[in-house]
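Working notes, structure below.
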Amino acid sequence: MDQNLEKILVRGNEAVAMGAIDAGCRLFFGYPITPQNEIPEYLSKHLPPLGGEFIQAESEIASINLLLGASATGARAMSSSSSPGISLMQEGISYMAGSELPAVIVNISRSGPGLGGISASQGDYFQATRGGGHGDYRMIVLAPSTVQEMYDLTCLAFDLSDKYRNPAMILGDALIGQMKEPLIRRKPQQMDLPPKDWKLTGAKGRKPNKIKSLYLQEGELTEHNWKLYQKYEKMKEEEVRFETVNTEDARFVIAAFGSMARVSKTAMELAREEGMKVGLFRPITLFPYPEKALYDISTRVKQFLTVELNTGQMVEDVRLSVGRDAQVFFYGKPPGALPPPEEILEEIKKYY
Amino acid sequence: MELVFKRPECLIDVPFHFCPGCHHGIAHRLVAEAIDYFKIREKTIGVASVGCSVFMYDYFNIDVLEAPHGRASAVASGVKRARKDLIVFTIQGDGDLGAIGIGEGIHTANRGENITLIFANNGIYGMTGGQMAPTTLLGQKTTTSPYGRDFTYDGYPIRMAEMMATLEGSAFVARVAVNNPANLMKAKKAVRKAFQMQVEEMGFSFVEILMSCPTNWGLSSLEANRRVEEEMIPYFPLGILKERKMADYL
């Protein structure tokens, strides 16, 4: 494999686009929205020379359905948007989960509700991890916290979505999408993936393939929902990813994801300098959530502080995961200003 | 004895679920005959829309993908962009294309997507039980226009074929009916032409088929056929509205 191990300085959004290309994605469908425009802009330039297709669709609704169609042929395809646009895609994502179609959807989230604003927010955590659209389904959700991870996790999202025949989401935010950091464009080794014998290629020499989410026969839909459930359970067993820093000797742990994990890490370092044994727990997969890992930490650590750029969403998963004797505190910021590490340090001191 | 009439290879040997007198089965057959004619069954993908047309995969002996309500033409475009060597078509009803999916339909035509869209216009929501459609005629009573469609409340019936014909991206636009043998023969030609356009990569092809819905119209099959002639065709005139002779990029 040709590897370029040179560091390049790119925006998070560009790293996502590069990851998609390196993962073999040749089709992109999207609609302009701030703060993710560098993704479609990059791909509109780089996909056609690779023989790929780029469509600027008339809406996010069209984008997600173009994605659904392309995915049904077995091709790797992607769409990206930001919060209000992701809301419009929920119908299509539900259909893809129901039809068991893989695809990668990128949410460089902004702030809401409604038109909200274009500043960073983590207000879409519930929407991403609880299904978002109608019906009882889940989506694989990966939360990068660096530009390098924007690239690496995009590549991984394609593999995971193919492995499970399920949509996968990259949940970034305006901060990670817009900032520039060094990136090493190292193509990851592709997972061993099952053949796509379900894909639509024309019924030549075989029975027709049908891809659908409508099940009307007695018992069919019940069975289908249990089948989906089994997939989500398997994801929980095999795909959980997280990062821990200084949790071994910690007596207080900050739980944060994405951009807030960066600020929290600095806060943790400041606390350590003052002699407080503080650690950091950073979920990388928001679904499947690293419940067991967090529970294990809570057998030793009894105080947790969840830090989020919202008024409290992931904190519910932290509370569900830790042991009953652990205390979970919350420090949140609605969209607007990002809290400086010193502010988080003050919170730690309140409880430590 | 010579076999002069048989089931198209493209159709599975099962009875349609459509109500007696419904024209949907005829539309399916016309599409199947066109696919057989061009010998493209093994490389054709059908996109099932939401409505009475959704069970396409139970009848066509081809690969089929089910689309969300209204999104069939966007889904079909996605399939085609990923595999330009395949033939892609969809059959969308008047609710699917004329109401909830009109945006996707217009932009699919406008992009000149090389797919075939068969528009099943029976002026009513069949599957949900007879509600008003965007193509319901003025004065027509439905379960949600119990006093008859009134333009001051509900606006006017939409002429989709005329709208599609205004778009530069569409290569072939026709409106046909299947309520009598003469119209049926013209419909067969138009559907075949639409697939030919796609095979020859001429761009977006569109055939609106005026259809009956005897069940929800509250008419017998024969009365429904007459209604197509006497009430629908005067408002939705038949004919070829647009036919591109050469692909624009040639």
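Just so it is clear, none of the values below were taken in a lab; they were calculated from the coordinates. Small disclaimer: the values here were computed from a predicted structure and weren't measured. Positions of Cβ are backbone-derived with ideal geometry, glycine not excepted, and every protein chain shown enters the neighbour counts.
Backbone amide hydrogens, once placed in the peptide plane, bring B:Ile45 within less than 5 Å of B:Ile87, B:Val88, B:Phe89, excluding anything fewer than 5 places away on its chain.
So what's the net charge close to B:Leu222: Lys and Arg +1, Asp and Glu -1, counting the other residues with Cβ under 14 Å from its Cβ?
That works out to -1.
Each Lys and Arg contributes +1 and each Asp and Glu -1, all at the Cβ; summed about the Cα centre of chain A, the dipole is approximately 600 debye. Fewest-first ordering of A:Trp226, B:Trp217, A:Trp198 by other beta carbons within 10 Å of each residue's beta carbon gives A:Trp226, A:Trp198, B:Trp217.
Using only the Cα atoms of segment B:152-250, build the gyration tensor, take square roots of its eigenvalues as a ≥ b ≥ c, and label the shape rounded, prolate or oblate: rounded if a/c is under 1.5, else prolate if a/b is larger than b/c, else oblate. Oblate, because a/c is 1.5 or more while a/b does not exceed b/c. Neighbours of A:Tyr42, meaning other residues whose beta-carbon lies under 10 angstrom from its beta-carbon, give a summed charge of -1 when Lys and Arg score +1 and Asp and Glu score -1.
In straight-distance terms, cross-link reach from B:Lys245 covers every one of the aspartates and glutamates whose alpha-carbon lies under 17 Å from its own, apart from those fewer than eight places away in the same chain; here that gives B:Glu113, B:Glu168, B:Glu200, B:Glu201. Against the longest principal axis of chain A, how steep is helix A:258-273, in degrees 0 to 90 to the nearest 10, with axes from Cα atoms? With both axes taken from Cα atoms, the answer is about 20 degrees.
What per residue convex hull volume, in Å³, do the alpha-carbon atoms of segment A:218-331 yield?
Given the Cα convex hull of segment A:218-331, per-residue volume reads 112 Å³.
For peptide B:38-50, the mean count of partner chain Cβ atoms within 10 Å of a residue's Cβ comes to 3.
If packing is taken as the average count of other Cβ atoms within 10 Å, what order do A:241-249, B:195-203 fall into, highest mean first?
B:195-203, A:241-249
Placing unit charges on the Cβ atoms of the charged side chains and taking the dipole of segment A:242-351 about its Cα centre, the candidate lying farthest along the positive direction among A:Val278, A:Phe257, A:Ser321 is A:Ser321.
Computed over chain A, the convex hull of the alpha-carbon atoms projects to a mean area of 19.1 nm².
Could you compute the net charge surrounding A:Ser59? Neighbours are other residues with a C-beta less than 12 Å from the C-beta of A:Ser59; K and R count +1, D and E count -1.
-3
On a 0 to 90 degree scale, rounded to 10, what angle separates helix A:220-238 from the longest Cα axis of chain A? Between the helix axis and the principal axis of chain A, the angle is about 50 degrees. Using helices alone, I'd like the mean residue ellipticity at 222 nm for chain A: each DSSP H run of four-plus residues gives -39500 (n - 2.57), total over residue count, nearest 500. So the calculated ellipticity at 222 nm is -12000 deg cm²/dmol. In chain B, taking the dipole from charged Cβ atoms about the Cα centre, the farthest positive-side position among B:Cys213, B:Ala34, B:Phe119 is held by B:Ala34.
Partner chain Cβ atoms within 10 Å, averaged over the residues of A:54-65 - can you pull that number for me?
Mean shielding by partner chains, rounded to a whole number: 6.
In summary, the aspartates and glutamates within cross-link reach of A:Lys180, defined as a Cα separation below 18 angstrom excluding same-chain residues under 8 places away, comprise A:Glu6, A:Glu14, A:Glu38, A:Glu41, A:Glu149, A:Asp152. Once the convex hull of all Cα atoms in the protein assembly as shown is built, its volume per residue stands at 178 Å³. A straight line joining the Cα centroids of segment A:73-103 and segment A:121-168 runs 11 Å. Each Lys and Arg Cβ is given +1 and each Asp and Glu Cβ -1; about its Cα centre, segment B:24-243 then shows a dipole of about 360 debye.
The ranking of A:Lys231, B:Lys6, B:Lys189 from fewest to most other beta carbons within 10 Å of each one's beta carbon is B:Lys6, B:Lys189, A:Lys231. Around the amide H of B:Val178, modelled in the peptide plane, lie the amide H atoms of B:Leu210, all under 5 Å away and 5 or more residues distant in sequence or on another chain. Set the bar at 26 Å for Cα to Cα. Now go through A:Lys210/B:Lys189; A:Lys204/B:Lys84; A:Lys210/B:Lys84; A:Lys236/A:Lys277; A:Lys227/B:Lys43 and name every pair that lies beyond it. Cα-Cα > 26 Å for A:Lys210/B:Lys189; A:Lys236/A:Lys277; A:Lys227/B:Lys43; rest within.
What is the order of B:His28, A:His46, B:His107, fewest Cβ neighbours within 10 Å to most?
In increasing order of surrounding Cβ atoms, one gets A:His46, B:His107, B:His28.
Let a ≥ b ≥ c be the square roots of the eigenvalues of the Cα gyration tensor of segment B:130-208; is it rounded (a/c under 1.5), or, if not, prolate (a/b larger than b/c) or oblate?
The shape class here is oblate.
Relative contact order of segment B:24-243: 19 percent, from C-alpha pairs under 8 Å at least 6 residues apart in sequence. If I fit a long axis through the Cα atoms of helix A:83-99 and take the longest principal axis of the Cα atoms of chain A, what angle between them do I get, 0 to 90°, rounded to 10? Taking the Cα atoms of chain A, the angle to A:83-99 is about 60 degrees. Using alpha carbons only, how many angstrom separate the centre of segment A:234-288 from the centre of segment B:1-75? Cα centres, segment A:234-288 to segment B:1-75: 55 Å. Around the Cα centre of segment A:248-296, unit charges on the Cβ atoms of Lys, Arg, Asp and Glu (plus for the first two, minus for the last two) sum to a dipole of about 140 debye.
Assign one of three labels to segment B:24-243, namely rounded, prolate or oblate, based on the Cα gyration tensor with a ≥ b ≥ c the square roots of its eigenvalues; rounded applies when a/c is under 1.5, prolate when it is not and a/b is larger than b/c, and oblate otherwise. Prolate shape, in that a/c is at least 1.5 and a/b is the bigger ratio. Run the paramagnetic zone check for B:Ile100: 7 angstrom along Cα to Cβ, then residues of segment B:66-87 with backbone nitrogen under 13 Å. Output list for this probe position: B:67-73. Summed over qualifying helices (DSSP H, 4 residues or more, each -39500 (n - 2.57)) and divided by its residue number, chain B shows a 222 nm mean residue ellipticity of -8500 deg cm²/dmol.
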